[in-house]
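Student: Mind looking over this structure? Questions follow.
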Amino acid sequence: MATPASVHAHAPQGFIRRYIFSLDHKVIGLQYFFLALTAVFVGMFLSLLMRIHLIWPTAVLPLIGTIQPETYLSLLTMHGTIMVFFVLTTAPQGGFGNYFLPIQIGAPDMAFPVLNMLSFWTTFVGFVVIICAFFVTGGAPLHGWTGYAPLSALPSAGPGEQLGADLWITSIAIFCIASLMGALNFLTTTLDMRAKGMTLMRMPLTVWSWFITAILGLLAFGVLLSAGILLLMDRNLGTSFYVPLVVVNGVVLGHKGGSPLLWQHLFWFFGHPEVYIAILPGMGVTSQILSTFSRKPIFGYRAMVYAMLSIGFLGFMVWGHHMFMSGMSPYSAFAFSILTMCIGVPSAIKTFNWLGTMYKGRIRFQTPMLYAIGFVSLFVSGGLSGPFLAQPVLDIQLHDTYFVVGHFHLIMGVAAIFGIFAATYYWFPKMFGRMMNETLGKLHFFITLAGTYAIFMPMHYLGMAGQTRRYSQFTEVAYQTKLIPLQTFMTYAAFVTIAAQFIFVINLFWSMFKGPKASDNPWEATTLEWTTATPPPHDNFGGVTPVVNHGPYEYGVPGAARDYVMQTDPATAATH
Amino acid sequence: MATYTPSTPIDHIGHGHKPPMPPAGGGDDGRGGDGANSGAPNYGARLRRARLGLICGLATVCMVFISLTSARIVRRGLPTFDGASNSYVRDWGRVDLPWLLLAINTAVLLVSSVTMEFARRQAAREAALAPVKSIPGVSLGDERSFPWLGITVFLGISFLAGQWLAWGELHARGFFVDTNPNSSFVFLLTIAHAVHLCGGVIALLWAASASLLRKPVEARRIVVDITAWYWHFMAVLWVYVFALLGFAR
């Protein structure tokens, strides 16, 4: 049931106001989406260069030449930074969150549309600034995406540590400000603009995930901003927050007394919640899709909500597990270790609830569902190595090896990317009014699933065998040389996986213009975005204010005319 | 000319009494959106939303200053290696703060917080009476109002000027941002606070010029209200920063 409104907001006219500096959350969501799509291809290209260099370190590449070891470190730094900030943070929250959060709660727009536009364009400026780092004297920085001091704090520490590092820090600071604006908007919108009947416990799990992610962003990005300002001061104003007494090339620098560990504490206080900022929206969309395509209510809705809240809360208490190598007190390490393993409990609750949702469901194996199942698979595969690394005694052995690279790529990288793919295939009909090609989608899924496992699972074995990460080549150390065949296999797997992404891009753009027309509710789903036109009008509901009478996952309801009840369907006796 | 005689004591509006607000929270009140059912802007909802957004923004500001404080505490306790004595020594150093100047600045900011509160209540009163004033031929008598907003802007800019003088005084006493870690944090925290206060001043200037820009009085009231709470927070934050720099040396 919906109530008609007397006023129907009209979309602004003119290309600039409609598509460039738009205040419409849907347009802004698409802007974020395409920014992230651009960024992911930049990041992927950088990873391809790294994989090529690891296998053929002396190869001469067209236009690039031979990749030098310091260039490898620059590629590593920029790959990590672009992927973490401009893909994994931008696409799920900025892209899909912006587009669908207001619609899923029955609001006509975000709470602060101008702030929303500013948030996107600030993010865009941040992306441009970081790309500029490639083209300045000395090139891009080489201190890794974690920016560990004192390497990141000393312009004389390496070729990329001059202007390139300043641009890197500036870009991150800009991104922090953009993310804070976005988080503020998400929280206010969720708390204040829900339609009648959309109580907190009727919100789709996607909305919960964006909401909790926004809380994490609000509390975490401010800390990174502070840390970045201190780093800029150390680099440019002669302060010594992070830099102890240092000698570079025989020259004693003016710094003294600072602590590199101070940077690590501040960075990881942001850095670990950032992991959940990347993965929580993926959890939300996976829950949404598993329920829809299993034609069953989500198993344990409240438990899912509380599990996400627990994960978000615990995420702020475990940053020290990234620093077991720093010589911290064993008592501190013990505390961080126990707290880290505690996160396994809500994570397991979520996993079993996903399996419970699918159990005995009438599963429709369409592409969004495949990616949601893939997300669960990767979440388990990547997550299970987490408790290993949470043990200080094991982490000290594995910390600087490929084991960690394999772990965080599976859990934070690929799983989150699968969440983005699932969301794209699921919401594409609503966003563009057409269906994506199923055959191409499935082909893309199976190659990507096999390819990513082929790339990242062997990394665990390499790590256990002692292969060090961040090394640009392994040809100079005897025991490392023996592991090169596995690295070669991973590089070929990367070729295939990256090639498969062009299937996705072709499917995306071809379907945008030539795909079959989508109905308003092609997946027979229940949440509010499927009650409105495809694509949604400027004010989302065409001058109608939705009224919510049902929960978000009412599938297989006994006695219902269809096997699903939409959130706006008239209330029944069972509803009350 | 007719004269409006209110049936309720309008003098009480904005004098400590909360202005009428729509029901809070989403989900059950059916408001949907911003004036979705009437076509007119729902300023009450906008105000509530803006206050909520402000709380979120202040949480972030808190995190920034908490992280800077924790960095200061950690850095203060760190030893550095001294080659001359071949031992570890503390290099925290001392800073001779211009106490009198900073105390005056503190007083100016606290007074500005009071004037800001008067400005906020004045704006709330004006917004509440706006519909009455719009009735042709209705007059509410003496319409001149005390320029609390202008005074607050003046005091805010005075505070910033005072801080500028304080930084100059620190320079004159030989303390720069890189003199020692203590001085680094003095400049960092005071400048960070000043930058945040600048945001408040800009918002107030916008509010002060709202009538020139023909903005509705209700929209101006929202800006003044939000800036007022932000301003009060900045005053409290300054007291905290001043105490931190002064007493945790």
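Values in this text are rule-based calculations from the coordinates and carry no lab data. Note that the structure is a prediction, hence the values are computed from the model and not measured. Ideal geometry is used to build each Cβ from the backbone, glycine not excepted, and the neighbour counts take in all protein chains shown.
Student: May I ask you to sort A:350, A:360, B:133 by Cβ crowding, counting other Cβ atoms within 10 Å and putting the fewest first?
Tutor: A:360, B:133, A:350
Student: State log₁₀ I(q)/I(0) for the stretch A:277-402 at q = 0.10, 0.14, 0.21, 0.22 Å⁻¹ as given by the Debye formula over alpha-carbon point scatterers of equal weight, solvent excluded.
Tutor: -0.37, -0.66, -1.12, -1.19
Student: Taking the Cβ of residue A:207 as the center, what net charge do the other residues with Cβ under 12 Å away carry, scoring Lys and Arg +1 and Asp and Glu -1?
Tutor: Counting the neighbours of residue A:207, the net charge comes to +1.
Student: Under the Kirkwood approximation applied to all pairs of distinct alpha-carbon atoms, what is the hydrodynamic radius of the stretch A:423-576 in Å?
Tutor: 19.6 Å
Student: Over what distance in Å are the Cα centres of the stretch A:159-178 and the stretch A:388-442 separated?
Tutor: Each part reduced to its Cα centre gives a spacing of 26 Å.
Student: Now for a separate question. Tally Lys and Arg at +1 and Asp and Glu at -1 over the other residues with C-beta under 11 Å from the C-beta of residue A:77: what net charge comes out?
Tutor: Charge balance near residue A:77 sits at -1.
Student: Classify the stretch A:521-576 as rounded, prolate or oblate, taking a ≥ b ≥ c as the square roots of the eigenvalues of its Cα gyration tensor: rounded when a/c is under 1.5, otherwise prolate if a/b is larger than b/c and oblate if not.
Tutor: Here the stretch A:521-576 falls in the oblate category.
Student: Hey, what D do you get for the stretch A:1-108 in µm²/s if you plug the Kirkwood alpha-carbon radius into Stokes-Einstein at 25 °C and 0.890 mPa s?
Tutor: The calculation lands on 146 µm²/s.
Student: Taking the Cα centre of each part, how many Å lie between the stretch A:533-561 and the stretch A:253-332?
Tutor: If you average the Cα positions of each part, the centres end up 33 Å apart.
Student: Give me the one-decimal Kirkwood hydrodynamic radius in Å for the stretch B:74-180, with the sum taken over alpha-carbon pairs.
Tutor: 18.4 Å
Student: What whole-number volume per residue, in cubic angstrom, does the convex hull of the C-alpha atoms of chain A give?
Tutor: Roughly 153 Å³ of hull volume per residue.
Student: Find the lysine pairs in chain A meeting two conditions, Cα atoms under 24 Å apart and a separation of 8 or more places or different chains, and report how many there are.
Tutor: Lysine pair count for chain A: 16.
Student: For A:219, A:23, which order do you get if you count the other beta carbons within 10 Å of each Cβ and list the fewest first?
Tutor: If I rank by nearby Cβ atoms, fewest first, I get A:23, A:219.
Student: Can you sort A:58, A:77 from fewest to most other Cβ atoms within 10 Å of each residue's own Cβ?
Tutor: A:58, A:77
Student: Let me ask something additional. Pop out the ³J(HN,Hα) list for the stretch B:70-76 in order, Karplus 6.51 cos²θ - 1.76 cosθ + 1.60 with θ = phi - 60°, rounded to Hz; leave Gly and Pro as x.
Tutor: 5, 4, 5, 4, 5, 5, 4
Student: Follow-up. Using modelled amide H (1.01 Å from N, peptide plane; none on Pro or chain starts), what sits under 5 Å from the amide H of residue A:434, excluding residues fewer than 5 places away?
Tutor: A:518
Student: In whole angstrom, and with the biggest value first, how far do the Cα coordinates of the stretch B:131-247 range along each principal axis?
Tutor: Projected onto its principal axes, the Cα set of the stretch B:131-247 covers 67, 22, 21 Å.
Student: May I pose another question? What percent of all Cα-Cα pairs in the stretch A:87-137 falls into each 10 Å bin, going from 0 up to the bin containing the maximum distance?
Tutor: Histogram of Cα-Cα distances, whole percents per bin: 22, 43, 23, 9, 3, 0.
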